[in-house]
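Colleague: Take this structure first; my questions come after.
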Amino acid sequence: MSNPLLDFSGLPRFVEITNEHIAPAIEALLEENRALIEKVRTDVQAPTWQNFVQPMVDASERLSRAWGQVSHLNAVMNTPQLREIYNANLPLITQFYAELSQDVLLFERFKQLRKSSEFSHLTSARKKIIENELRDFRLGGAELPSEKKQRFLQIQKELSNLSSKFNDNLLDATNAYELLIEDVKTVVGIPADVLQTAKELAAADSKVGWKFTLHMPSYLPVMQYADDRNLREKMYRANATRASEFDSPAGSDKDNMLLIKEILKLRQEEAQMLGYENYAEVSLATKMAASPQQVLDFLRELGTKAKQYAERDLQALKQFAAEKLNLPKIEAWDVAYVSEKLREERYNFSDQEVKQYFQEDKVLSGMFGLVEKLYGIQIRPVLASREVQCWHPDVKFFDILDVSGQLIGQFYLDLYARATKRGGAWMDEAVTRRRIDDQQTEKHKIQVPVAYLTCNFSAPVTINGQLRPALFTHNEVIVLFHEFGHGLHHLLTRVEDLGVSGINGVEWDAVELPSQFMENFCWEWDVVSEMTCHIDTGESIPRVLFDNMLKARDFQNGLQMMRQIEFALFDMHVHFDYKPDGNKTVLQLMDEIRNEVAVIIPPDFNRFPNSFAHIFAGGYAAGYYSYKWAEVLSADAYSAFEEVASTGVVNAVTGSHFLEEILAVGGSRPALESFIAFRGREPELDALLRHNGMGMV
Ligand SMILES: [Zn+2]
């Protein structure tokens with residue numbers, strides 16, 4: 001066992017893993033998996049959980065644990081060498097899983113097991129795993145007759161090429177645009193750091209002035225801050241017409257609208273091959289929402305309730321623009337600008353001011369204290385050692401113990417940004433909880449789950465020779481709570497089978513419930529006052545400042561929500577009842593939806609669908625509604641805590657109920673069942689509206 005990537009007896013051995021270990025380990029594990037699969041798919045015995053599913057789970061777990069460590073290092077300790085090795089091995093892994101999903105013999109054996117008398121005796125978790133497997137084989141086209149399989153695979157390939165072309169066009173169009181401003185009067189209002197970058201961009205082209213682009217760090221500040229209305233209009237127009245007939249040579253495939261038509265046709269064909277009416281049904285087959293109509297009804301109900309708030313928001317903008325900014329009519333390119341000015345006037349505080357109160361240690365102990373009270377657990381720091389190896393000196397490690405002091409989970413916490421780390425924040429699984437049976441001794445043990453929690457916050461700095469603790473913005477604290485929520489979903493599971501343990505097997509539109517749920521606590525005075533301590537004065541955050549933050553939280557939520565609903569309705573209709581071969585164009589569909597729900601109608605030249613990469617080039621096709629859907633679940637779940645006014649939201653009784661019915665069960669049953677078990681009823685919209693300042697509907 002000299003290769004640490006092949007040691008599965010404990011925690012990953014990050015200090016000992018070197019680049020040389022990677023290829024041999026992956027090769028050995030792929031070989032082991034292939035040999036095992038060959039054995040079980042041609043086994044003469046009837047398939048049982050023990051002789052068929054379990055050996056595959058075991059082998060595939062070893063592969064994913066080893067590869068997980070490599071991917072993790074690639075994401076947090078990236079070097080050119082590691083990246084090269086990672087990229088060389090990734091196709092091998094992808095290829096292996098692609099072959100697996102097409103394997104008709106394996107599919108047949110799963111069907112046999114499903115029909116066997118053993119099936120009815122399996123635990124509900126194991127039943128769910130088998131059902132999920134069958135579903136995924138079907139959606140992968142495994143059931144098609146062989147003459148149709150060819151066409152099915154061809155569609156998959158074409159769709160993947162079209163998506164990639166869609167993204168390329170969008171990126172090319174974004175990169176192709178630049179605007180050089182030479183007159184200083186034109187850039188008035190834009191923040192100094194943005195101007196500095198724009199100046200350097202111009203200088204790099206040997207030009208004098210400021211160069212602006214359609215990349216967000218350049219585009220957004222111009223739209224928010226530039227006093228020059230013409231500049232905003234120019235930039236808005238360029239952004240809203242990317243990859244459209246306006247910026248592509250006629251007849252070229254640089255116009256994403258042509259790709260959209262192709263994509264929609266192919267998705268429709270794929271859906272029909274699989275026996276569905278439309279692509280929306282295919283997308284929902286793996287989601288919590290039951291039908292496209294249910295999603296449409298949900299979006300429209302939310303829209304009906306939120307619209308008056310959006311109209312109120314718009315009215316406030318109009319009035320402010322007319323009275324204070326001398327803008328009698330607001331155009332699309334004025335909205336962000338006027339909003340920013342109104343926000344500055346209404347809420348007189350800065351992120352910087354708030355940040356002085358959120359010190360790392362205090363925030364962590366506040367967050368840990370909160371979940372300790374809610375779930376009856378204890379979180380203890382553990383120092384790095386031979387057993388607990390971290391990949392960087394800044395990484396912290398913690399044990400989670402239950403009431404009786406038993407170890408139930410562990411996590412790494414890697415908080416600070418550094419050059420070798422990928423951007424953003426995320427939770428990932430290092431080890432997943434499961435039961436391991438020893439066939440010889442007939443004893444079993446529980447494998448303790450382990451999580452990686454990764455953020456990109458600013459590190460502690462040394463000022464005048466003194467090390468100051470890391471300080472977080474309120475938004476960063478929310479991000480930390482969010483990821484920790486995903487972490488607890490993974491770590492506090494009680495499921496004993498890998499495929500539905502923790503976040504595994506949880507529906508896409510429900511998986512953000514535990515994470516968004518945690519965010520709510522960042523808006524509770526009792527929680528926030530406990531976890532703040534001013535870096536200079538040591539005082540906890542003043543109530544006045546906190547109340548101001550609360551007010552700013554609701555700012556223009558109506559407008560934002562109607563925009564999300566507009567996109568989600570378009571996404572669902574275009575994959576549900578829109579006919580790609582019919583007379584109506586995609587733009588006409590977009591217009592119909594805007595006329596129904598939008599309070600700000602964009603100009604005619606706006607080509608939003610051409611840059612809607614989420615649904616035409618990402619994984620969100622007929623799934624964009626998931627953002628709002630999961631928010632309804634998390635807000636409604638959280639309101640169960642708000643209802644117990646006598647104790648405040650930090651309530652151990654409701655907490656243990658939430659732990660048992662939501663967190664602990666993972667994907668072992670449908671998310672709706674879990675929600676109803678916790679809440680005693682189906683989800684309702686009220687809490688989401690109330691949390692968005694739309695309480696008085
Ligand atoms: Zn999330």
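Colleague: Of everything in region 381-436, what is β-branched (V, I, T), more than 15 Å from L364 (Cα to Cα) and more than 26 Å from the chain's Cα centre (by Cα)? Give them in sequence order.
Modeller: V388, V403, I436
For (1) out of contact with any helix residue (DSSP H, G or I) (no Cβ under 9 Å at 6 or more places or on another chain); (2) assigned to a helix (DSSP H, G or I); (3) surrounded by 19 or more Cβ atoms within 10 Å (Cβ to Cβ), each residue gets a yes or a no:
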| site | (1), (2), (3) |
| --- | --- |
| L231 | no, yes, yes |
| K254 | no, no, yes |
| M257 | no, yes, no |
| I260 | no, yes, yes |
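Colleague: Still on this model: Suppose the filter is of a type in the set (G, A, S) and free of Cβ contacts under 8 Å to residues at least 12 places away in the same chain; does A192 pass it?
Modeller: yes
Colleague: How about region 2-39: which of its residues are over 29 Å from D399 (Cα atoms) and in contact with a Pro (Cβ under 7 Å, 6 or more places away or on another chain)?
Modeller: Answer for region 2-39, where residues must be over 29 Å from D399 (Cα atoms) and in contact with a Pro (Cβ under 7 Å, 6 or more places away or on another chain): just L36.
Colleague: Now a separate question. How many residues are assigned to a strand (DSSP E or B), away from the ligand (no atom under 16 Å from the Cβ) and either of a type in the set (D, E) or more than 22 Å from F358 (Cα to Cα) (or both) if we restrict to region 437-488?
Modeller: Here the count works out to 8.
Colleague: Being of a type in the set (A, V, I, L, M, F, W, C) and within 12 Å of the ligand (Cβ to nearest atom) is the requirement here; does W523 meet it?
Modeller: Spelling it out, it is not the case that W523 is of a type in the set (A, V, I, L, M, F, W, C) and within 12 Å of the ligand (Cβ to nearest atom).
Colleague: What pairs come up if the first residue lies in region 324-338 and is closer than 19 Å to P602 by Cβ, the second is acidic (D, E) and at pLDDT 95 or above, and their beta carbons are under 7 Å apart, counting only those six or more places apart or on different chains?
Modeller: That search, which allows pairs on different chains as well, returns L327/D334; W333/E233.
Colleague: I need a count of the residues in region 624-657 that are aromatic (F, W, Y) and farther than 19 Å from A677 by Cβ.
Modeller: 3
Colleague: Would you list the helices (runs of 4 or more DSSP H) that sit entirely within region 67-182 and hold 2 or more residues that are among the aliphatic types (A, V, I, L, M) and either closer than 30 Å to Y236 by Cβ or free of Cβ contacts under 8 Å to residues at least 60 places away in the same chain (or both)?
Modeller: Here the list reads 80-102, 146-176.
Colleague: Test S656 against the criterion of being in contact with a Gly (Cβ under 8 Å, 6 or more places away or on another chain) and touching a residue at least 60 places away in the same chain (Cβ under 8 Å), and give yes or no.
Modeller: Criteria met by S656.
Colleague: Could you tell me whether region 640-649 includes any residue that is of a type in the set (F, W, Y), under 22 Å from the mean Cα position of the chain (by Cα) and buried (at least 18 other Cβ atoms within 10 Å of the Cβ)?
Modeller: no
Colleague: Given the options A687, A630, name the one that is in contact with a Ser or Thr (Cβ under 6 Å, 6 or more places away or on another chain), under 28 Å from L559 (Cβ atoms) and assigned to a helix (DSSP H, G or I).
Modeller: Being in contact with a Ser or Thr (Cβ under 6 Å, 6 or more places away or on another chain), under 28 Å from L559 (Cβ atoms) and assigned to a helix (DSSP H, G or I) holds for just one of A687, A630, which is A687.
Colleague: So how many residues does region 278-305 have that are within 24 Å of the chain's Cα centre (by Cα), assigned to a helix (DSSP H, G or I) and more than 24 Å from K579 (Cα to Cα)?
Modeller: Qualifying residue count, region 278-305: 2.
Colleague: Looking at region 509-532 only, could you name the residues that are touching a Ser or Thr at 6+ places or on another chain (Cβ under 6 Å) and either touching a residue at least 24 places away in the same chain (Cβ under 8 Å) or crowded, with 17+ Cβ neighbours inside 10 Å (or both)?
Modeller: Selection gives D509, L513, Q516, F517, T532.
Colleague: Among the residues of region 306-332, write down those that are in a helix (DSSP H, G or I) and either within 30 Å of the chain's Cα centre (by Cα) or among the basic types (K, R) (or both).
Modeller: Matches in region 306-332: A306, K307, Q308, Y309, A310, E311, R312, D313, L314, K318, K324, A332.
Colleague: A follow-up question, please. For K211, which of the numbered conditions (1) at negative phi; (2) surrounded by fewer than 17 Cβ atoms within 10 Å (Cβ to Cβ); (3) at pLDDT 95 or above fails to hold?
Modeller: In the conditions (1) at negative phi; (2) surrounded by fewer than 17 Cβ atoms within 10 Å (Cβ to Cβ); (3) at pLDDT 95 or above, K211 misses (2) alone.
Colleague: Please go through region 661-680 and pick out each residue that is free of Cβ contacts under 8 Å to residues at least 40 places away in the same chain, at negative phi and surrounded by fewer than 18 Cβ atoms within 10 Å (Cβ to Cβ).
Modeller: Selection gives E673, I676, A677.
Colleague: While we're here: Would you point out the residue of region 475-508, among those that are in contact with a His (Cβ under 9 Å, 6 or more places away or on another chain) and buried (at least 24 other Cβ atoms within 10 Å of the Cβ), that is farthest from L134 (Cα to Cα)?
Modeller: Going through the qualifying residues, I end up with G502.
The values are calculated or read from the model by the stated rules, or taken from the named source; none is laboratory data. Everything numeric here is computed off the predicted structure, so don't read it as measured data. Every residue, glycine among them, receives a Cβ derived from its backbone with ideal geometry; neighbour counts consider all protein chains shown.
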